[in-house]
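Q: Please find one structure pasted underneath; my questions will follow.
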Amino acid sequence: MGLRILAVCQHYWPEQFQITDICEELARRGHEVTALVGIPNYPTGVVPEEYLDGKNRVQERNGVRIVRAEEVPRRPGAFGLARNYWSFKRGADKRVHDLEGGYDVVFAYQLSPVLMAEPAMRAKRAFGAPVLLYCAD
């Protein structure tokens, strides 16, 4: 029997980041994987039509349950990026409370900034699961 894994990362499919491959491989190996991620908009700040107006906030792809947190799309400049990063942290913190729990481990795939890992720490406190922090920056 596999582990119940909560993966937390701001970026995920259809954006091109390694976390998607990691989660799908873990699911292929028999683990139950939920990915808590943001709304696709990297790197342009443009949200695809299929994610506008609250669409596709919960999806399943290749055995991974994808739960999307609200965030402000990326904008140029330091303020635009800071707003995007902060909004993911706030949106993901809120979505943690919507999750069913029972996770064996929380896997934080942290790119810059470190704010991306904070929702994983909230999940640790909420579910009593250890956190594995994979810092890829």
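The values are calculated or read from the model by the stated rules, or taken from the named source; none is laboratory data. Here the structure is a predicted model, which is why all the values come from computation and not from measurement. FYI the Cβ positions are ideal-geometry reconstructions off the backbone, even for glycines, and counts take in every protein chain you see. For accessibility, only protein heavy atoms count, side chains too; no ligands or nucleic acids. Shrake-Rupley method; radii C 1.70, N 1.55, O 1.52, S 1.80 Å.
Q: Based on the mean of other Cβ atoms within 10 Å per residue, sort peptides 6-13, 91-98 so the most packed one is first.
A: Sorting 6-13, 91-98 by mean packing, highest first, produces 6-13, 91-98.
Q: 5 Å is the cut-off here: which amide hydrogens, built 1.01 Å from N in the peptide plane, fall below it relative to GLU71, excluding neighbours closer than 5 in sequence?
A: Distant-sequence amide H within range of GLU71: ILE39.
Q: About its Cα centre, how strong a charge dipole does the stretch 68-137 have in debye, to the nearest 20, once Lys and Arg get +1 and Asp and Glu get -1 at the Cβ?
A: About 280 debye.
Q: Scan around ALA35 for amide H atoms under 5 Å from its own, H built in the peptide plane at 1.01 Å from N, and keep only partners 5 or more places away or cross-chain.
A: It is ALA7, ARG65, ILE66, VAL67, by chain and number.
Q: What list of ³J(HN,Hα) couplings, whole Hz, do you get for the stretch 31-43 from phi and the Karplus terms 6.51, -1.76, 1.60, once you set θ to phi - 60° and write x for glycine and proline?
A: Residue by residue, the stretch 31-43 yields 8, 8, 10, 10, 10, 9, 9, x, 7, x, 6, 8, x Hz.
Q: Return the percentage of antiparallel bridges among DSSP beta bridges fully within the chain, rounded to the nearest 5 %.
A: 15 percent
Q: Another question, if that's okay. For GLU60 and MET121 in the same chain, what is the full-extension length gain: residue separation times 0.36 nm, less their Cα-Cα distance, in nm?
A: 19.6 nm
Q: Leaving ligands, DNA and RNA out of it, rank LEU81, LEU36, LEU132 by accessible area with a 1.4 Å probe, largest first.
A: Solvent-accessible surface, decreasing: LEU132, LEU81, LEU36.
Q: Can you tell me the 0 to 90 degree angle between the C-alpha axis of helix 77-96 and the longest principal axis of the chain, rounded to 10?
A: 30 degrees
Q: Same structure again: In whole Hz, what ³J(HN,Hα) sequence does the stretch 102-112 give by Karplus (6.51, -1.76, 1.60; θ = phi - 60°), x for Gly and Pro?
A: Karplus values, whole Hz, x for Gly and Pro: x, 7, 7, 7, 10, 10, 9, 9, 9, 9, 6.
Q: Turning to a different aspect of this structure: Report, in degrees rounded to the nearest 10, the 0 to 90 angle that the Cα long axis of helix 18-28 makes with the longest principal axis of the chain.
A: 30 degrees
Q: Let me ask another. Give a quick list of GluC sites (Glu not before Pro) in the stretch 1-110 that DSSP marks as loop, anything other than H, G, I, E or B, with at most 14 other Cβ atoms within 10 Å.
A: Qualifying residues, ordered by number: GLU100.
Q: Please state the charge dipole magnitude for the chain, taken about the Cα centre, from unit charges on C-beta atoms (+1 on K and R, -1 on D and E), reported in debye and rounded to the nearest 20.
A: Magnitude of the dipole: close to 340 debye.
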